Amino acid sequence: MQADDLKKLLEQEAPDWERIREIRIRAGRPVTLVSDGCETVLADRGQKRTGDTAVADGRLIREILEIVSKHSLYAFEDEIRQGFLTIEGGHRVGICGKAVLSGDGALRTIKDVSSLNIRLARERKGCADGVIRYLYGADKTVCSTLILSPPGAGKTTLLRDLVRQISDGNRFGDGVPVAVVDERSEIAACFQGTPQCDLGSRTDVMDACPKTEGMYMMIRSMSPRVLAADEIGTAEDLKALRFVMNCGCRIIATAHADSFGDLERRPFFAEMVKEKLFSRYVVLSKFPRPGTTVCVCGADGKAVQP
Amino acid sequence: MKYVGILLMSGALIAGGFLAAERLRERLRILQQFRQIALCLKGQILYSNATLPEALGEAGARFSEGRSGTAREPGELLLRVRDRLKQESGRPFSEVWEEELARLPEDLPLEKQDRQALSALGSQLGYADRAMQERTILLYLEQTEDSIRDLKGELDGRTKLCRCMGMAAGLFLMVVMA
C-alpha cells in the first residue's frame, strides 16, 4: 500500500473524521483508527488478497516518514531520539522500530521503523469553559494551574484553550500577556513562525525551544503575566518553575498523572505540591471521552468551589 | 550578392567562435552560482536545521530574484523542486531532483560532469543525519571547486582558442569562397 492509497481510504472509509484521535500503522497489520476510546479497523473494500482490511507494509511506513519529515529526517534527529516527531498542525507521530545506540549507550536514532502512531491534534475552542471559572482568584488574577491526566486525555487541548481565553480575556478576568514555551510545537502548532492554532491576541510563542531555557528567556524578554508549558516533569523544570513564580508570573502547565494522589506519590511532584507552587490542579480523564474533567483541586488537593 | 553571402557566413563563423568563448565564461558563472547555492543550503540545513523544502525555497528565492536568463536557472531549479515536493510529498526527494535536473534547458552551459555532480548531490540529500548532509554538500563543493579551478586555469587559453578558431574559420571560408 502507498501513502496515496491510505489517504484515499481514509477519505472514503473513515466514519467520522472529526472524532478520530489516532491513526495506528503497524507493518503487516491492519491500519486502525482510534476515536473517543473505541478502535476501528480501516476497511479496504477493493482489497482482495488481505480480506477487507487495509494492511500496512514497510513501504507505506517509509513513505509516511518521508512525508511527515518533508524528506528531511535529519531535521528531526532530536525528536526521533525521543520517539516521536511533531509535524505541521501540531500532530504528533510516534515512531517505533529498532533502536540504534551510540558508544556510551545513549539512543542515537531509530531505524527499521515498524510502527507509527499518528496522534491528531485538535483545537477545540471552548473546551475550557467548564473549568476556567475555578482558575481565577478573588482578585481576578489567574491561579497557577497544573493540568493532570494520563496520555491522550486532552491536556494539551485544554491548555491551548485556556491560553486563548486568558490571553483574550473572559468573563472571569481581563486579558493578560501570556507566554507559551512550546517545546514540541504542539500547543501553537507554529508553521514558519506563525501559530496555526488560535492562542489569543496577547500571546507570545517561543517555538521548539527546550522548556527550561524557554521559560527563562520568556520571563526576561516578554514580561508575561502568565506562562504556559506542556508536560513538565524534570528537576530542571522545577527550578525554572520556581524562577518564574518568583518573578510574579503565574504558570499554566500540564503533567502526566492519574490523580492528585498519584502526583503526591512521586518525588519530583511531591516536592512541588509541598511547596504549593500550583494553587489549582485540573484532573482530566479519557472516559467517557477525552477531555472529561474529573475534578478541580486546590493546593491542598481538596475540590475547589468557583 | 555572392560577396554579401560570403561576408555573412564568415561573420557567422567568427561570431560562433566568440559565442563558444562566452559559453565557457557562462559555465564558470553558473558553477560559481551552484557553489554559492550549496553553501547557502549548508547554512540552512546545519545552522537553521531547515527541512529540504524550506532550505530549497530560501536558497532558490535568493538566487533567482533579480536575475534573468541562464543566471536565473539554478535558483529556479531549487524552487521547482520545492514546489514538486509539496505537491508530490510521497515521492523520494532524489527522484524529483533527478527529474527536474533533466528538465534544465539544453543550452545551459553545463558539462556532463557538472550535471553528474548535481545528480549525486540530490541522490544523497535528505538521507540519514545532519552529518551526512554536511558531508554530501562538502563533497559537492569539493567537486565544484575542482571544476571551477580547472576552468579558470584554462579559461583564457580556451577563450582565445575559440575566438581564433572562429576567426580563422571565417577567413578560411572567405578565401575559399572568394
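The values are calculated or read from the model by the stated rules, or taken from the named source; none is laboratory data. This one's a predicted model, so the numbers in the text were calculated from it and none came from an experiment. Backbone-built Cβ (ideal geometry, glycine too); neighbour counts: all protein chains shown.
Do we find that A:Ile219 is part of a loop (DSSP other than H, G, I, E, B), touching a strand residue (DSSP E or B) at 6+ places or on another chain (Cβ under 9 Å) and among the hydrophobic types (A, V, I, L, M, F, W, C) in this structure? In short, no.
Yes or no, residue by residue, for (1) closer than 30 Å to B:Met177 by Cβ; (2) in contact with a helix residue (DSSP H, G or I) (Cβ under 8 Å, 6 or more places away or on another chain):
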{"residue": "B:Tyr3", "(1), (2)": "yes, no"}
{"residue": "B:Met9", "(1), (2)": "yes, yes"}
{"residue": "B:Gly17", "(1), (2)": "yes, yes"}
{"residue": "B:Gln33", "(1), (2)": "no, yes"}
{"residue": "B:Gln44", "(1), (2)": "no, yes"}
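Looking only at region A:263-273, decide whether some residue is crowded, with 19+ Cβ neighbours inside 10 Å, aliphatic (A, V, I, L, M) and touching a strand residue (DSSP E or B) at 6+ places or on another chain (Cβ under 7 Å). Yes, region A:263-273 contains a residue that is crowded, with 19+ Cβ neighbours inside 10 Å, aliphatic (A, V, I, L, M) and touching a strand residue (DSSP E or B) at 6+ places or on another chain (Cβ under 7 Å).
Taking region A:70-86 as the range and being more than 8 Å from chain B (Cβ to nearest Cβ) and not basic (Lys, Arg) as the test, the residues that pass are A:Phe76, A:Asp78, A:Glu79, A:Ile80, A:Gln82, A:Gly83, A:Phe84, A:Leu85, A:Thr86. Go through region A:22-59 and give me each residue that's at pLDDT 85 or above, outside any strand (DSSP E or B) and among the charged types (D, E, K, R). Answer for region A:22-59, where residues must be at pLDDT 85 or above, outside any strand (DSSP E or B) and among the charged types (D, E, K, R): A:Arg29, A:Asp57, A:Arg59.
What number of residues in region A:191-211 are in contact with a Ser or Thr (Cβ under 8 Å, 6 or more places away or on another chain), part of a strand (DSSP E or B), away from chain B (no Cβ under 14 Å) and at pLDDT 90 or above?
Number of matching residues: 1.
Within the option set A:Leu199, A:Leu148, A:Leu162, being out of contact with any Lys or Arg (no Cβ under 9 Å at 6 or more places or on another chain) and not basic (Lys, Arg) holds for one residue only, A:Leu162.
Of all residues in region A:129-147, which are under 15 Å from A:Val176 (Cβ atoms) and surrounded by 16 or more Cβ atoms within 10 Å (Cβ to Cβ)?
A:Ile132, A:Leu135, A:Tyr136, A:Val142, A:Cys143, A:Ser144, A:Thr145
Taken over region B:106-152, the residue count meeting the criterion of being more than 18 Å from the chain's Cα centre (by Cα) and either over 26 Å from B:Gln44 (Cα atoms) or aromatic (Phe, Trp, Tyr) (or both) is 1.
Does A:Ala303 count as surrounded by fewer than 17 Cβ atoms within 10 Å (Cβ to Cβ) and touching a Cys at 6+ places or on another chain (Cβ under 6 Å)? Yes; evaluated as a whole, the condition is true for this residue.
Among the residues of region A:185-212, the ones that are under 23 Å from A:Phe84 (Cα atoms) and in contact (Cβ under 8 Å) with a residue 24 or more places away in the chain come to 16 in all.
Which condition number does A:Val180 fail, the rest of (1) closer than 21 Å to A:Arg133 by Cβ; (2) in a strand (DSSP E or B) being met? Single failed check for A:Val180: (1).
When A:Ile132, A:Ile67 are checked against the criterion of being within 14 Å of chain B (Cβ to nearest Cβ) and touching a residue at least 24 places away in the same chain (Cβ under 8 Å), A:Ile67 stands alone in meeting it.
I'd like to know if region B:93-104 contains one or more residues that are farther than 25 Å from A:Ala3 by Cβ and either over 11 Å from the mean Cα position of the chain (by Cα) or more than 10 Å from chain A (Cβ to nearest Cβ) (or both). Looking through region B:93-104, at least one residue is farther than 25 Å from A:Ala3 by Cβ and either over 11 Å from the mean Cα position of the chain (by Cα) or more than 10 Å from chain A (Cβ to nearest Cβ) (or both). The set of residues in region A:223-240 being of a type outside the set (Asp, Glu) and crowded, with 16+ Cβ neighbours inside 10 Å consists of A:Pro224, A:Arg225, A:Val226, A:Leu227, A:Ala228, A:Ala229, A:Ile232, A:Gly233, A:Leu238, A:Ala240.
A:Ser114 passes every criterion in (1) within 21 Å of B:Gln124 (Cβ to Cβ); (2) touching a residue at least 12 places away in the same chain (Cβ under 8 Å) apart from (1).
Yes or no: B:Asp107 away from chain A (no Cβ under 14 Å) and either in contact with a Leu (Cβ under 7 Å, 6 or more places away or on another chain) or at pLDDT 90 or above (or both)? Considered against the rule, which asks whether it is away from chain A (no Cβ under 14 Å) and either in contact with a Leu (Cβ under 7 Å, 6 or more places away or on another chain) or at pLDDT 90 or above (or both), B:Asp107 comes out as no.
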